[in-house]
Every structure is written in structure tokens, then in C-alpha cells.
Amino acid sequence: MQELAQQVVSGLATGSIFASMALALVLIYRSMNVINFAQGEMAMLSTFVAWELNQRGLPIWAAFALTIVIAFVGAVALERIVIRPVEGAAPLTIVIVTLGLFTAFNGIAGWIWGYVLKTFPSPFPTTPVRVGDVAFSLQDIGIIVVSLGTLLAIYLLFQKTKLGLALRASALYPEQSRLAGIRVSWMLALGWGLASVVGAISGFMVAPVVFLEPNMMQGIIVYAFAAAVLGGIESPVGAVVGGLSLGVVLALLGAYVDFIGTDLRLPVAFAIIVIVLMVRPAGLFGRQKAVRV
Amino acid sequence: MSIRRFTIIALTAILALAAGAVLTVPAASQAVTGVTATEIVIGGTHPYSGPASAYSSIGKGAQAYFAYVNDKGGVAGRKITYKDLDDAYNPPQSLQLVKQLVEQDKVFAIFNSLGTPVNTVLRPYLNEKQVPQLFVATGATTWGRDASKFPWTIGWQPDYEAESLIYAKNVLAHEPSAKIAVLYQNDDYGQDYLKGLQNGLGAKASMIVKTASYETTDPDVKAQVASLKASGADTFFIFATPKFATQALVAAAQLSWKTKVYLNSVSNSQVVMKAATTQGGPAATTGVVSVIYLKDPTDPRYANDSGLALYKQIMAKYVPGGDVNDQFYLYGMGAAFTFVDALQKAGKDLTREKVMQAAIHLHETDNPFVIPGVIVQTSPDDRFPIRQEQLAQYDGTRWGLIGSLMTARR
């Protein structure tokens, strides 16, 4: 029983990492209807910027704040310069461009900062906490809380503000939005900026756990994709629920199903996702599309 | 005659002349592939990009040592040109690059290619072509063990199984009632370590109460460490690469697992130990046991060591901006030292056969980069250049030596 609880807690801690990255993917998808493969590398780059600022003497929270501004401005500029020319092109074109950005960012980070593992200061205490026989760290709780907080902020932005309405409208009905006076193209750039900010926050949370190096997001982004799709690629709530459940399922499969062990837990977890999608093609929280015939 | 036709004829003539010029060069020297009176061209691959790129410092370290040797006049008047290419730790890509090095660039030998999967793919090709595959940067046991099938291949660093045998000896001697849990990477590298530990414990292999593996695609190893702790073990073996080893050390501390920890040498650099201490507190690393065979650039014990002075001097001159504390540079220089040693032994009339013979008749007591007492040594029956290692325990800031040098096998 104690081990079960421990595994669930470990799974939630890992799952919250998937969740925070999945949120960023969902944001881009909601504004452009494409997946941004460079999302993880953008988050990694932002994390390096925060690390560099911190190394140069800025307190960690100030470094975070400044990095978030840089991440936002950088991503908006990136959208204007690199994505804008292919905005109207086929989704595949944009996907390939983001793949290009993926390799470029990875190479740039390696060139500037090298590949040696770096410790990233944790914004939360890493001291162990025990509840009964279950041990975890405040850091684990911190990641979960921040993911939920980000989710809440996104929800408020999209549902309760005019800007959120404009963002949603330009993703769903670009033509009509343009007629209604919304500057659709700028909304896309804004979407990139927001996603980049969420990615940067995710990077700050993840880096103390997986350690900072140019490839730190590559192990995570695959799971984040899976979590986002499982939750319904358009739903921020789905991304968080998808991420957390993926984390717990992976931990439990590895610990309790002997023949699966750690070798097969990834294929099995993905098989579960495929089955979920067969039953609910739009994902757990996605909108089921009804087509009139 | 049209202009176009004239152009074609002219171009053909130029091409023919150029081809003739190219053909005459090797005919004139008539020597060993990749060797001229003034140059030795060798090749290799390291991951300069991709997931394993932390190891690229090894290639850069070797390159720097060759530059240093060249500036001092080279080997028997020949400068070493090391064409070290980026394979991104991808075996098929590495094979393609090595074929290009052998067939187009006509290299004399392949030196220090990195990675077990990479070298496993290169080995049949290089042996078929009879090109020396020297001092590969991997500790798999097969390089030394399977020489009868692949005589043109040799490793350098201590092999993983041997390292585990040393740990097993130590456990049997000092902790005979230990209950052991093992975390290992689920591939040849991790399994070599595990096998070595099981073999070393022999009849007492049941001391291992639980094993858990991870895949390199896993984001972290928290769940594995939690289930290993739940087994009730009091001794924790970590057979993992730096990133996962760091996570495992931190996870054990955060789970308040009071356990003795053994950490494989692949991950005992100060970079890892410092990261784990910062993240998991002193409890994460204090008392951890590992083995060492290379000098640690950060160790005050070697403050006046001439080998490390040389290392730092080479770093300053040839790798400006490189992190001196990154031990992978030193590893690269150590392997390059042995290569230069083998070249010198092979003599002025260099051939591939002679350098291979030299590589299996090493007796190097003066490699400045390995810890004092370690002899880099081979014979035709023993193709494991480094076999001696020193048990060491981490005190929270640095490694303290335990006992004397140990030799694992034979």
C-alpha cells in the first residue's frame, strides 16, 4: 500500500512535467492548428537564458521574470520573421519549418553553452517531505501547483478577456475574424508568444529535475505530445489531465506489471492512448466534431 | 565547330589532365595508405551533435593533444592529422562517415570512435578492410574479449564487467550480508555492468534482491528508484549515464533512502557529483563509492602534479574556452597519448600491421593522465589496455581513495 502511494506520487511528479509542456503545445495548436516541434527547444533556450542571467548575478525570481519577457518578445519576433512567410501554406510546410527550428535551437544552445550537465537552481526547496511513509519533495508539489496555476491563467485569458476571444476566433474562423476587424496575423504571433512563455515556465520547473543541457527537453516532448493528444489537443484542461495520468500510468506499469517492467511500459502506455483515441477520437476533453451529411 | 562543342572538348581535356594529376600522386609515394614522409592521416567519429554530445569533449581533447604533439615536431617527423567527424551517436551515420574516411580520405587508422553501438557497427567493416580500429571510446567487454574474431580492434578504458567485478570483491569482503538493488540502463552497457556484478558475486548472486532498468528515452528515474527502495535493499548500485545517475542520486536522497551507494565510473565526474549535491543535499552524495583511473582536474591532491599541469597547459593553448574541469577532455588526451605511444613503438617504417602489433604490446608507465600506479599494458593474450582501478569514496566535496589499486580479472 505504501509503495503504491509512493509510485502514484512519483508518477504525479513526473506527469506534471509532461503536463506543463503539453500546455504550451495546446496553446500553439489553438492559435494555428499545427504542432510546433520546436516548442521543447524554445523552452530549453529560455531556461538557458534564465540560467545565464542568474549566473551573472540576477536573483533567480528576477531572472525568471526577465526571461519570460525575453521569451515572449523572442517568440513573437520569430513568428513575424520565420513563420509569417509560410502562414498560409499547407500545415506540413509549417511543421517542417518548426522541425528546422528544433535542430537550429538545439545547435545554438550547444554552441553557446556546451553539453555539460548544469544545475539549475530550483525555485522550490528540494528538501524531502514525509507524509506517513510516502516521501516526496516540495519541488514536486511546486511543479504541480505551477502547472495548475498556468492552466488557470490560460483559462481566464481565453474565456474571460476580449483578447482571449479574439485569439480563439482567429484560430477557428480566420476569414470571418478578419472581417470583424481582428488582426488575425498578429493574433497568431501573440499565440506564439504566449506558448513560448508557458514553455519557459515549464523549462524553469523541469530543469532542476532533469538538469540543464541542450537535450533536456527531448525526452519530455514526446510524452508531452502524447499527453496533449490524449487530453484532446485543443484542451488545456485535457493537457494537464493527460500529462498527470500518463505519468501515473507509466509509474504503475513499471512497478507492478512484471512482464512489462521498464522495457515495455512505453509501448504499453502508448497502446492505451491508441485505444482511448479509438473510443474517443477527439481525446478525453476534445470537442467531438459533428459533421452534417 | 560550335562554341558548345568546343566547350565540351575543352572541359574533357581539363578533366583528363586533372585526373592524370590526381593519379600520379599516390603512384609517386607508393607508400602505406594515409602515411607520407611528413604526415599521418587518421580518422574517427564522436557525437558533436545529438543526445550524447557531452562526449564531444573527448574528441576535442584528443585533437588538442595531437596539436600539442605536432607543435613539438610530431612522431618521427610526421604530423598527425586527425579527421574527427560528427556522427551524432548514430551507428549508420558513423559507418557511412568511416567508409568515406577509409575509401576517400585514405586514412591510416580509425582512432577512438565513441560509443558501444557505433563501434559494434564499425568493427566488421574495419576488420574486413584490415584498418586498425584503435582505442575505441567505450568500455564494453567485447573489444578485448573477441579479438580472435576481430584482430584489428582494441579498446582503451577499463571494461564495465571488470569494474563490476571490483565492486563485487569489495562487497563480499566488507559487506557480506548486503541486500543489493540495481538500477541499470537497458542496453549492452548497463547489462555488461549487471552481468559483471552477478558473476563477481558468484554463488552469492542472490544478494541482489531487486533490479530495475530505464530506457534512455525516460524523462526521469524516480519511479524506478522508488520501487528499488521498496524492496528493502540497503545497497544501491547505479549503472547509469551522467544525467540519469544524477537523478538517481537525488531521488534516493529525496525518498530518504538510507542506503550505501555504488556509482559506475561512467558517471563519477565532479560535474555529476556537484549537481547531485546541489539538488539533493549532501546526503545524496556523501559516502558514495566508485572507482577511478583518470586524474581528476579538480582534485587538490594533484595541485602540483606534472601530468595535470601538462593537461591544463594544453587546454589553455589548444582549447581556449573549454571547461578545464570537464574530465572528458582529459580522457581524450589519455587515449591520444597511448595512440602516440603506439605510433612511436611502431617505428619509422610505419605500417598498419606494425601499429597493431605495437597496440598489443603496450607497456606504458608514464601516461600523465591516468592515476599514479596505473600501467597501460597489453599483450597478444590480454587486450585490455587499462585494467587497474582504484576504489574511491566521495566525502561530499571530493573522492578519497580506499585501499590500493585493484586489478579485476585474470
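The values are calculated or read from the model by the stated rules, or taken from the named source; none is laboratory data. Because the structure is a prediction, the values reported are computed rather than measured. Every residue, glycine as well, gets a Cβ built from its backbone with ideal geometry; the counts of neighbours run over all protein chains shown. The protein model used for the area step is the full one, side chains on, heavy atoms only, and it has no ligands, DNA or RNA in it. Shrake-Rupley method; radii C 1.70, N 1.55, O 1.52, S 1.80 Å.
Before moving on, here are some points about what is shown:
- Directionally averaged projected area (the stretch B:29-109, Cα convex hull): 5.4 nm².
- Annotation: for a label point projected 7 angstrom from Cα along Cα→Cβ of B:A76, residues of the stretch B:325-359 with backbone N closer than 14 Å are B:340-359.
- A simple spin-label model places pseudo-atoms 7 Å from Cα toward Cβ; at A:V279 and A:L163 they are separated by 3.9 nm.
- One decimal place: the segment B:R301-B:H361 gains 18.4 nm when fully extended, by the rule 0.36 nm per residue minus the C-alpha distance.
- Estimated FRET transfer efficiency when R0 is 35 angstrom, pair B:D382-B:A203 (beta carbons, to 0.05): 0.85
- Inter-probe distance in nm under a simple model that places probes 7 Å from Cα toward Cβ, at A:L58 and A:T127: 2.9 nm
- When the C-alpha to C-alpha distance is required to be over 18 Å, the pairs from A:K118/B:K312; B:K317/B:K348; B:K210/B:K260; B:K72/B:K317; B:K99/B:K129 that qualify are A:K118/B:K312; B:K317/B:K348.
- Euclidean distance of C-alpha centroids, the stretch B:98-160 and the stretch B:277-326, integer Å: 28 Å
- Per residue convex hull volume, Cα atoms of the stretch B:306-393, in Å³: 117 Å³
- The value given for the stretch B:235-315 is a Kirkwood hydrodynamic radius of 13.5 Å, derived from the mean inverse Cα-Cα separation.
- Dimensionless Rg/Rh of the stretch A:60-160 - Kirkwood Rh, Rg from C-alpha atoms: 1.08
- Stokes-Einstein D for the stretch A:172-247, Kirkwood Rh over Cα pairs, 37 °C, 0.692 mPa s (µm²/s): 228 µm²/s
- R0 of 51 Å, Cβ-Cβ distance A:L156-B:D234: FRET efficiency to nearest 0.05: 0.50
- Stokes-Einstein diffusion for the stretch A:30-92, with the hydrodynamic radius set to the Kirkwood value over Cα pairs and evaluated at 4 °C in a medium of 1.567 mPa s, equals 99 µm²/s.
- Cα-Cα separations in the stretch B:358-410 greater than 14 Å, expressed as whole percent: 59 percent
- Per residue convex hull volume, Cα atoms of the stretch A:105-154, in Å³: 132 Å³
- The listed residues B:H363, B:H174 rank as B:H174, B:H363 when sorted by accessible area, largest first, using a 1.4 Å probe.
- Within the shell of other residues whose beta carbon sits under 13 angstrom from the beta carbon of A:I272, the net charge comes to +2, with Lys and Arg scored +1 and Asp and Glu -1.
- Tensor-based shape of the stretch B:94-165 (alpha-carbon gyration tensor, a/c under 1.5 rounded, otherwise prolate or oblate): prolate
- Translational diffusion coefficient (Stokes-Einstein; Kirkwood radius from C-alpha pairs) of the stretch A:141-293 at 20 °C, 1.002 mPa s, in µm²/s: 122 µm²/s
- Label point distance in nm, A:W186-B:K258, each placed 7 Å from Cα along Cα→Cβ: 6.4 nm
- Global geometry of chain A, whether rounded, prolate or oblate, following the gyration tensor of its Cα atoms and the 1.5 cut on a/c: oblate
- Kirkwood Rh and Cα Rg combined as Rg/Rh, chain B: 1.05
- In whole angstrom, the stretch B:158-234 maps to an equivalent ellipsoid with semi-axes of 21, 17, 8, each derived as √(5λ) from the alpha carbon gyration tensor and ordered largest first.
- Surrounding net charge for B:Y293, when Lys and Arg each add one and Asp and Glu each subtract one, Cβ distance under 14 Å: -4
- Average projection area in nm² (convex hull over Cα atoms of the stretch B:44-87, one quarter of hull surface): 2.9 nm²
- Anisotropy class of the protein assembly as shown from Cα gyration tensor, a/c 1.5 cut: oblate
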